[in-house]
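These notes concern the structure reproduced below.
The values are calculated or read from the model by the stated rules, or taken from the named source; none is laboratory data. What you see is a predicted model; the values in this text were computed from it and never measured. Note that each Cβ is placed from the backbone with ideal geometry, even for glycine, and that neighbours are counted across all protein chains shown.
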Amino acid sequence: MSKINLSKDNISFCYKNNCVDANGDLAKVLTYSLAFLVVIGSIASIIESSK
C-alpha cells in the first residue's frame, strides 16, 4: 500500500515499507507540482465533459 504525507516543509512517500522523504524547497516544489497537476486535470475533465 502506498501513502503520501504532506506537511508544511516535508513530504514523504511510502510504498511497501520503503519511504522517501523530501524537506524544505524540494518539498514545496513537489507539493505545488502535484497541486498544479490536479488543477490541470480538473480543468481538462471539465472541458472534456462540456463537449
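For this structure, a couple of remarks:
- Apart from one condition, residue 29 fits all of (1) out of contact with any strand residue (DSSP E or B) (no Cβ under 6 Å at 6 or more places or on another chain); (2) in contact (Cβ under 8 Å) with a residue 12 or more places away in the chain; (3) β-branched (Val, Ile, Thr); the exception is (2).
- Flag if residue 25 is at pLDDT 80 or above and among the acidic types (Asp, Glu): no
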